[in-house]
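Here's the structure we're looking at; comments come further down.
The values are calculated or read from the model by the stated rules, or taken from the named source; none is laboratory data. Here the structure is a predicted model, which is why all the values come from computation and not from measurement. So basically every Cβ, Gly included, is an ideal-geometry build from the backbone, and we count neighbours across all protein chains shown.
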Amino acid sequence: MTKPGASRGSGAAGSSEVSLPRDKRETEAATTPVKPRRGRPPKSASKTGGTATLEPAAKRRRTYTKKAKLTGGVSLSLDERVFFSSRLNAREADTTQFVPGEEDRAMFDEARAAADLANGGVTAAAESGTTPSTPSAVAGAVGYQVKKIRIGDFVIDSWYISPYPDEYSRHALLYICEYCLKYMKSEYTFRRHCQKCAQRHPPGDEIYRDDNISVFEVDGRKNKIYCQNLCLIGKMFLDTKTLYYDVEPFLFYILCEYDSQGYHFAGYYSKEKRSSLGYNLSCIMILPSKQREGYGKLLIEFSYLLSKKEGIAGSPEKPLSDFGLLSYRSYWRRAIYEILLRGAASISIDDIASQTGMTVDDVISTLQTDGMLHRLPGSTACYAIVADADKIEEYVRKAQEKNPRRIDPSQLRWAPFLTKSTANTMLADRRLSASTAAAPADNDNDDDDRLSV
């Protein structure tokens, strides 16, 4: 700015610019009109009339208040704001009341000490200075394990330790959905899941149905999570089971009870898709709540029905568990006795094996255990089956009274599970002689297929 009437000169003393007092400059700056910006006015500007003027910083700080601008141009203070589409007011939305205080921390420490004392003495380990630092180490040192499971309407005690993740193994009770077999830590989560779970039967194909009993075939490659959860449940009741997560080479056959609510899990057995030793069953498990209803022998009979459908002799994977050995010996004895009671003039061990689907070794072992295999006089290689007809008939009658439920082969809707390479080989063997048939190379990457034989 230049003062009117001032002369131009040289030097600092003769400068044409006139210095105004400091307080006068601030007054001029506060009253000088400022060119407003396009759009939104500056934050430090206040509208007075139609001209935007700057306010002193001290005044802006004194007059600043938090306000929420709504769509109608109405401004509300922070206490008058609405939260979650007017469902909560400011007091209900205030989370500061949930910050734990000293009383809450003391209550938590007291409850944790009581829980540690009840779960094996973590307090004693802490006093001795040997408290593990990681959850997995704590679980291993204290001996945490799942002692019970709730599946459906039953709470079942576990027999053996199952390798659930550490965060679940630390709980004495696990909740398991009987349809999808998902495991949960709390009853609240379990009830919420039961309300939302849309699955009412095992994944896979229903291949057998008779009355209220159904059997589903589940592929371990296509339904990996379900089969892994199934193996974790099986380990809780099988001491010799070692397979938990590598389920892709196996097929699982799920036994279910059907009612208006859906298909309720009762037991299962598994077998390899391509067993080099001819095993038709790898492991079998029936829930303790469903035992003594004949389901074990029912699944064993079902496995031999599939073996006969495939046209091969089958046998369970060895070694058998104690309960498995008892169940299989009972089934083998009944199957052999029923064939002997048919009154054939002469029957060989090979005939019994072909009619039952059993291997020759299993037939011979059963007959030797019952003392029915005798060597013929004067011969070292010929044996005869010697049986008491009355005892056999009495045994079969009692077995039918105890387990009247049997597998009906006419209710089976199933074709053998074969890979493409094996199926192509069988088709080539049918068209050509065994000496000239050329089987295609085995390719493990081929998709699985089915062939009716």
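Looking at Tyr188, is it outside any loop (DSSP other than H, G, I, E, B), more than 30 Å from Met358 (Cβ to Cβ), touching a Gly at 6+ places or on another chain (Cβ under 9 Å) and of a type in the set (Ser, Thr, Tyr)? So Tyr188 fails the test. Number of residues in the stretch 336-361 that are of a type in the set (A, V, I, L, M), in contact (Cβ under 8 Å) with a residue 24 or more places away in the chain and buried (at least 20 other Cβ atoms within 10 Å of the Cβ) equals 2. Of all the numbered requirements in (1) assigned to a loop (DSSP other than H, G, I, E, B); (2) out of contact with any Gly (no Cβ under 7 Å at 6 or more places or on another chain); (3) under 20 Å from Tyr258 (Cα atoms), Tyr179 misses one, and that requirement is (2).
Before we move on, is Ile364 closer than 25 Å to Lys398 by Cα, modelled with pLDDT of 90 or more, surrounded by 13 or more Cβ atoms within 10 Å (Cβ to Cβ) and among the aliphatic types (A, V, I, L, M)? Lay out the reasoning, then the answer.
Details: closer than 25 Å to Lys398 by Cα: yes; modelled with pLDDT of 90 or more: yes; surrounded by 13 or more Cβ atoms within 10 Å (Cβ to Cβ): yes; among the aliphatic types (A, V, I, L, M): yes.
The answer is yes for Ile364.
Among the residues of the stretch 236-288, those identified as aromatic (Phe, Trp, Tyr), within 21 Å of Tyr175 (Cβ to Cβ) and part of a strand (DSSP E or B) are Tyr263, Phe265, Tyr268.
Just one of Tyr208, Tyr164, Tyr160, Tyr226 is of a type in the set (Ser, Thr, Tyr), surrounded by 16 or more Cβ atoms within 10 Å (Cβ to Cβ) and either part of a loop (DSSP other than H, G, I, E, B) or touching a His at 6+ places or on another chain (Cβ under 8 Å) (or both); which is it?
Just a single option satisfies the conditions, and that option is Tyr164.
Of all residues in the stretch 87-99, those satisfying the criterion of being surrounded by 10 or more Cβ atoms within 10 Å (Cβ to Cβ) and in a loop (DSSP other than H, G, I, E, B) are Asn89, Asp94.
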